[in-house]
Amino acid sequence: MDITMKEKSENEITFIIKDADTSFVNAIRRTSMTEVPKIAIEYVNIIKNDSSMFDEIVAHRLGLIPLKSDKEAINGILMPSECDCEDYCPRCSVSLTLKKKGPGIVYSKDLVSEDEKIKPVYDTIPILKLRRDEEIELEAIAQLGIGREHAKWKPTTACAYKYYPRITIGEECEQCYECVKACPRGILEEGPKIVNIEDCAMCKTCMRACDRGAIKVGCEEGSFIFKMETDGSIPPEEVLERACDILIEKAENITKAC
C-alpha cells in the first residue's frame, strides 16, 4: 500500500491511498469517526442561572464545545467504563467552572478548567447572553467518550474518501470542446487536455456532452483520495494514527481468539 500526503493544515489533511481495497479504507473512516476517544462535557451542575436560556439548553451548548483531547491532554484520564466510581470522579473526569455576571455575552473562554491542558479549543464560542444583573454559575464535568455514543465525542467534522478519478479521451474526439464547456469543475481544457484530475467529481457531465462517446470517466482500481477534518480537539494526523492503532488491536484480539 502506498500513501502520499497531498495537503496538510492544522485541522485538515488530504492524502492519496493506492493499492488498497474499499473495506480497509472504509474501516479507517468509520473508526476515525466513531471510536477514537475524545473528551467532552457530560454533566452540568447548575448553581445559578438568571438568564432567559433554559438549563437544558445551556447544558446542551456546553456539551458541544470542543475541548483539547490530544494524547498529552487526556493522558492518565480513564474512560468511564474503566472506572469503578458511580458517576464521575477525579480519575475519569475533569471539572470546569463558569461564573459570570451580566451584562454581556458568555463565551467558551469563560470556562475555567481545573486541568490547564483540558480547555476549550476556541475562546469565542458564544454560550449565552446575560442582561444587566443576571448571573450564571455552574460546574461542568468533562469525560472521555466515543462518537458512536454521542456526536459531541466525535473528533471529526468531515471524514470521507472517494475513488481516484480516471479520464480517458479516445481517438474518436473531433475537438469540438463540448466536454470542456460542460465540465462544472474546470477539469478539462482545450486540447482537450486533463488538468487537476483529483478535483473531478466523476459526475460524467462531460460524457453526456460528447455525442461521439470519445471521453470516458471512471476510477483507478484500488486508489482513493481521503480527506479528514477535525473540530480542533485532536490533530487530524493523530486521529488517523489512533484509529489505525484501534484497528490493529482489534485484529490482534481476533487472532488471539482463534
Among the listed pairs LYS38/LYS101; LYS18/LYS68; LYS117/LYS256; LYS117/LYS152; LYS8/LYS152, which are separated by more than 27 Å between their Cα atoms?
LYS38/LYS101; LYS18/LYS68; LYS117/LYS256
Which value, in Å to one decimal place, does the Kirkwood hydrodynamic radius take for the stretch 93-138 when every pair of different Cα atoms is included?
11.1 Å
Within the chain, what whole-number % of the accessible surface is contributed by carbon and sulfur, with the 1.4 Å probe and all protein chains included in the calculation?
47 percent
Cα centroid separation - the stretch 7-64 against the stretch 100-134, whole Å:
20 Å
Whole number in Å², please: accessible area per residue of the stretch 122-177, 1.4 Å probe, ligands, DNA and RNA not counted.
57 Å²
Test of understanding: what is the full-extension gain from THR157 to CYS173, defined as 0.36 nm times their sequence separation minus their Cα-Cα distance?
1.5 nm
Using label points projected 7 Å from each Cα along Cα→Cβ, tell me how many nm separate ARG132 and ILE46, to one decimal.
2.5 nm
Using 0.36 nm per residue of separation minus the Cα-Cα distance, give me the extension gain between MET79 and ARG30 in nm, one decimal.
15.6 nm
For the chain, cysteines with no other Cys Cβ under 4.7 Å from their own Cβ are listed as CYS159, CYS173, CYS176, CYS183, CYS200, CYS203, CYS210, CYS219, CYS244, CYS258
What shape does the stretch 203-258 take by its C-alpha gyration tensor, where a ≥ b ≥ c are the square roots of the eigenvalues and a/c under 1.5 counts as rounded, a/b above b/c as prolate, and the rest as oblate?
oblate
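Give, as a single signed number, the net charge of other residues whose beta carbon lies under 15 Å from the beta carbon of ASP87, with Lys and Arg counted +1 and Asp and Glu -1.
Taking every other residue near ASP87 into account, the sum is -4.
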Round to the nearest 10 and give me the degree value, 0 to 90, for the angle of helix 236-257's Cα axis relative to the longest principal axis of the chain.
90 degrees
Which semi-axes, in whole Å and largest first, does the equivalent ellipsoid of the chain have when worked out from the alpha carbon gyration tensor as the square roots of 5 times its eigenvalues?
47, 25, 13
Return the calculated 222 nm mean residue ellipticity for the chain, to the nearest 500 deg cm²/dmol, obtained by summing -39500 (n - 2.57) across DSSP H runs with n ≥ 4 and dividing by the residue count.
-6500 deg cm²/dmol
Treating each Cα of the stretch 117-258 as an identical point scatterer and ignoring solvent, apply the Debye formula and state log10 I(q)/I(0) at q = 0.11, 0.18 Å⁻¹.
-0.72, -1.05
The helix 22-34 Cα axis meets the longest alpha-carbon principal axis of the chain at an angle in degrees, between 0 and 90 and rounded to 10, of 20 degrees
Pairwise label distance in nanometres, ASN196 with ILE254, each label 7 Å out on the Cα-Cβ vector:
4.0 nm
Once you put a point 7 Å from the Cα of CYS203 and another 7 Å from the Cα of GLU238, both along the Cβ direction, what distance in nm separates them?
3.8 nm
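Normalised radius of gyration for the stretch 5-87, please: alpha carbon Rg relative to 2.2 N^0.38 Å, two decimal places.
My calculation over the Cα atoms of the stretch 5-87 gives 1.58.
The values are calculated or read from the model by the stated rules, or taken from the named source; none is laboratory data. Predicted, not measured: the structure shown is a model, and the values here were computed from it. We place every Cβ from the backbone using ideal geometry, glycine too, and count neighbours over all the protein chains shown. The area values use the complete protein model at the heavy-atom level, side chains included, leaving out ligands, DNA and RNA. Shrake-Rupley method; radii C 1.70, N 1.55, O 1.52, S 1.80 Å.
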